[in-house]
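Okay, structure first, notes after.
Bear in mind these aren't lab numbers, they're just calculated from the coordinates by the rules spelled out. Just so it is clear, the structure is predicted and the values come from calculations on it, not from any experiment. Every residue, glycine as well, gets a Cβ built from its backbone with ideal geometry; the counts of neighbours run over all protein chains shown.
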Amino acid sequence: MMRIIGLAVFAFSLPLFYALMNGSPAIRRYGWFAIGLAPFIIGYAHLEVSIVSWAFWPGYVKGMIVSLLDSLAIAILLTTRSAPGGKLLLWAYLGYFICSGVASLFATPAMASFLFSWQLARAMLVFAAVTRVARLPDGARQIIGGLSAGVAFQAVFSIIQRLQGVTQASGTMGHQNLLGLATHFALLLSLASMLAGDRRWLPKIGVIGGGIAVILTGSRATTGLAGAGLVVLVILSLLRHRTAFKMRVAGIGLAVLLAGAPIAYLTLEHRFATQSDAGDYDERKAFETAARAMWTDHPMGVGANQYVVKANTGGYSTRAGVAWVSSSRNANVHNTYLLIGAETGYLGLVSFILLFALAIVSALRLAWARPRGPSGEIALGAAVTLIVVALHCLYEWVFVTWIIQYLFAITLGLVAGLGVERRAMLRSRAKRPIAPPLPDAATALPHPA
């Protein structure tokens, strides 16, 4: 019954969003804002429904799910025009979708891998919508405002959890590592928006809330990479174009880092003080051994969303020495690249890395293009965000979950949309008529008789 109600709500939301996105510019901006906010609140507010539910499947995708963000993305695509150019990232995204789907031909059951393809298709839908929004005036700024509000929402829950005695806060996301990876997108893009001259309160609470969430996760990788990302972003932004406002932002950021460092240290110290000694057992290494063996036996992959099942039924976890406890046997290898390689083979991994690399290069080119306007700061923030996330993927697998897939798609959409906006600006300048030169003063005046 609840599924029928959920599907009815989703079906009703599409014409409602279509009408709103056809409305006034002020109303459309709320929709753009909701794109950035949605990944942080969908799970908590139950704004999704399963068309097909695989609730007991041990993989990371547990159903054929649709959310209100999907219907909002469809409404935006139906009410906005596509612009010429800017299709390179889209083709790279499609390439990853196809290459990861090829592994489904070798998967058993194939339906489990299809569920990941469905999730990836939903992310691509959001990417396409963000691409169109980001090329519009104020579009990128509103999306980043939603990201800022979303991470601040998570920070509030993290503070409550810490006050209740939780060592590693997870907000409403269920695990601190998932919150940590998600925080990179909002924290760094909020700072980039501030460096671009956005003086609203939203980017400020995004930076503050993101910093709080990072510290309270108690994750070494999250804390270290977030801090490094903030420093690198500020330095590159100053090298790109130095202003007095940026210097003030950099000073405030340094003060926040210095103030947060003791709290981060105490959080990490408390975390490791409460953890039991595991002896010589290195679980991360055991997982990686199992994943490499699986990849060697299946160069085309075992199928997306299949790692846990194949690691256990194929004996890979046993031979690698993974502990016989449910928390270990039901977990994925803590490395996104190894996970994608084992599940989707060489085709899937190469296409994934190419997509990541192309997005980073495209963002950096936009950041250093001339003239260096505010949109270049957003592109620079996206580039640093993607680099930080790419490094974090060496230590985590949660990139393949729907929350991070949405955030990744939003970031790629910002890069693609800003690229379209820049090309449109250059075409507009090229078409402007050149004013005739003014007459020389000496020849313009009549000579005296």
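What is the packing order of peptides 8-17, 296-305, 105-114, taking the mean over residues of other C-beta atoms within 10 Å and listing the highest first?
For the peptides 8-17, 296-305, 105-114, the packing ranking is 296-305, 105-114, 8-17.
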Q. Out of 34, 309, 298, whose Cα points farthest toward the positive end of the dipole of the chain (charges: +1 Lys, Arg; -1 Asp, Glu; placed on Cβ)?
A. 34
(Q) Going by average Cβ density within 10 Å per residue, which order do the peptides 204-210, 42-48, 30-36 take, highest to lowest? (A) 204-210, 30-36, 42-48
Q: Measure off 7 Å from each Cα along the Cα-to-Cβ vector at residue 88 and residue 258, then give the distance between these two points in nanometres to one decimal.
A: 4.2 nm
Q: Let me have the 222 nm mean residue ellipticity of the chain computed from DSSP H runs of 4+ only, each contributing -39500 (n - 2.57), with the sum over all residues rounded to the nearest 500.
A: -24500 deg cm²/dmol
Q: Mind running the shape call on region 104-149? Use the C-alpha gyration tensor, a ≥ b ≥ c as the square roots of the eigenvalues: rounded below 1.5 for a/c, prolate if a/b tops b/c, oblate otherwise.
A: prolate
Q | residue 64 long-range amide H proximity, modeled H, under 5 Å | A | 51, 52, 53, 54
**Q.** Inverse of mean 1/r across different Cα pairs in region 183-261, Kirkwood, Å
**A.** 12.5 Å
Q.
Which order do the peptides 189-201, 136-148 come out in when sorted by mean C-beta neighbours inside 10 angstrom, highest first?
A. 136-148, 189-201
Q. Rounded, prolate or oblate: which fits the chain when a ≥ b ≥ c are the square roots of the eigenvalues of the alpha-carbon gyration tensor, with rounded for a/c under 1.5 and prolate only if a/b beats b/c?
A. prolate
Q) Counting only Cα, what are the radius of gyration and maximum Cα-Cα distance Dmax of region 1-160, in Å? A) 16.9, 49
Q: Please quote Rg/Rh for region 283-400 to two decimal places, taking the Kirkwood radius as Rh and restricting both calculations to Cα atoms.
A: 1.14
Q. In percent, how large is the relative contact order of the chain, given Cα pairs closer than 8 Å and 6 or more residues apart?
A. 22 percent
Q: With only alpha-carbon atoms counted, please give the Rg and Dmax of region 11-64, in Å.
A: 14.8, 45
Q: Over the alpha-carbon set of region 98-225, work out the extent along each principal axis and list the three values in angstrom, largest first.
A: 48, 44, 22
